[in-house]
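Remarks on the structure that follows.
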Amino acid sequence: MTNRTAANRYARALLDVAIKEQADVQAIERQLADFARLFADHSALEKVLLNPAIPVQRKRAAVDELTGRMKPAPMVAKLLELLAGRDRLVLLPELLSAYRERLLDHLKIVRAEVTTAVKLPADRAKAVEQSLTKMTGRTVTLETHVDPSIIGGVVARIGSTVYDGSVTTQLRKMKERLVASSQ
């Protein structure tokens, strides 16, 4: 089983338990992120907890100490102790990412990447966000990018779906129709 697959399974289980127990699913995300940030902020801790030469019992004791100080939700503490006991703390960054994806899906929020030729003014970005919300039936969080090569219009990507209303694409399609009609 790949790390990504294992991380997805742990994330799914954590979210399922949190929903079943009516826990604050966003607080759980923050607690996981805080623990993952410990690794990023303290490379020595990361090296020790991820080192396969360190006995699992010492890793579990270290995680117990950290969770005792951080006071996460019991289900988060149990998950971290389980990961330490199975020497799978290396999964934490991917687990956090997978949990965030599942959390957004649970909250009916989608991320949209919108590319325009020039920077969108705030009111126009809000209008695009509202249009995408109507199209998807979900709350949309917008991430904007500027790419002058599209000349004008908008390219929106939501998950694997791309809505391409760029001038460049329209010109290419027009060219293809003209070439096809002249043959």
Task: Cβ-Cβ under 8 Å pairs, at least 6 apart or on other chains, segment 168-183 side under 23 Å from residue 118 (Cα atoms) and in the same structural domain as residue 118 (by TED's automatic domain parsing), far side in a helix (DSSP H, G or I) and hydrophobic (A, V, I, L, M, F, W, C) - done: 168/150; 169/150
- [ ] Select from segment 147-164 the residues that are in contact (Cβ under 8 Å) with a residue 12 or more places away in the chain and exposed (fewer than 13 other Cβ atoms within 10 Å of the Cβ) and list them in ascending order.
- [x] 148, 149, 159
Open item on the list: Checking the condition outside any helix (DSSP H, G or I), farther than 18 Å from residue 6 by Cα and in contact (Cβ under 8 Å) with a residue 12 or more places away in the chain, which residue from 114, 48 passes?
Closed with: 114
Task: Complete set of residues in segment 113-160 that are hydroxyl-bearing (Ser, Thr, Tyr) and under 20 Å from residue 103 (Cβ atoms) - done: 133, 136, 139, 141, 160
Open item on the list: Looking at segment 14-32 only, could you name the residues that are part of a helix (DSSP H, G or I), among the hydrophobic types (A, V, I, L, M, F, W, C) and surrounded by 14 or more Cβ atoms within 10 Å (Cβ to Cβ)?
Closed with: 14, 15, 17, 18, 25, 28, 32
Task: segment 158-183, subset among the small types (Gly, Ala, Ser) and under 24 Å from residue 140 (Cβ atoms), residue modelled with the highest pLDDT - done: 166
Task: Pick from segment 129-146, criterion among the β-branched types (Val, Ile, Thr), surrounded by 14 or more Cβ atoms within 10 Å (Cβ to Cβ) and modelled with pLDDT of 90 or more, ranking: farthest from the chain's Cα centre (by Cα) - done: 133
Open item on the list: Out of 18, 13, I need the residue that is assigned by TED's automatic domain parsing to the domain that holds residue 81, within 17 Å of the chain's Cα centre (by Cα) and closer than 13 Å to residue 99 by Cα. Which one?
Closed with: 13
TODO: Keeping to segment 42-56, report how many residues are within 27 Å of residue 18 (Cα to Cα) and either modelled with pLDDT of 90 or more or more than 27 Å from the chain's Cα centre (by Cα) (or both).
DONE: 1
Task: Counted residues, segment 139-159 - those being over 24 Å from residue 106 (Cα atoms) and not small (Gly, Ala, Ser) - done: 8
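The values are calculated or read from the model by the stated rules, or taken from the named source; none is laboratory data. The structure displayed is predicted, hence computed values, not measured ones. Positions of Cβ are generated from backbone atoms using ideal geometry, with glycine treated the same way; all protein chains shown enter the neighbour counts.
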